[in-house]
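Each value in this text was obtained by applying a stated rule to the coordinates, not by laboratory testing. Predicted model only: the values in this text are computed from it and were never measured. Methodologically, a virtual Cβ is constructed for each residue, glycine included, from the backbone with ideal geometry; neighbour enumeration extends over all protein chains shown.
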């Protein structure tokens, strides 16, 4: 029987600007990653698609190329910032390969596609903890991924603080 510790595991962690994903990554580092293993940790940030502004009544806005370039630059800066923060959280991991990916598109689709493309053994993601109404309108990325991908999914909920309980 093969030694479990020697098997390479491919762990994909979806990261974004929220505290929830930072908590999920931190939890993953403490509870899933094995030091001195052949684990590969993929940090994935999905850049949301650029908003398309149109108006049915003909009074829509057409953004100049300068505005469009500034918006694109901002989203690239956000992606870089999120990935750098996630990489800093992984700085003490030894013998664990850390790779980063920034992909464009709806996070639901991007995460599911990257799980398959990278051959992830497990997907780790945070939960925003939306209530039923908010989740109905916004949809749940973690719920969609849990029902779509073919590998185990760890959805890490951030504990509520005392201020949030009141």
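Suppose R0 equals 22 Å; then what is the FRET efficiency for residue 117 and residue 146 from their Cβ-Cβ distance, rounded to the nearest 0.05?
On the way: r = 18 Å, r/R0 = 0.83.
The computed FRET efficiency comes out at 0.75.
With each pseudo-label sitting 7 Å past Cα toward Cβ, what's the residue 69-residue 26 distance in nm, one decimal?
Taking the simple label geometry, residue 69 and residue 26 are separated by 4.0 nm.
Which residues in segment 88-128 have a backbone N closer than 18 Å to a point placed 7 Å from the Cα of residue 38 along the Cα-to-Cβ line?
From segment 88-128, the list is 94-99, 118-122.
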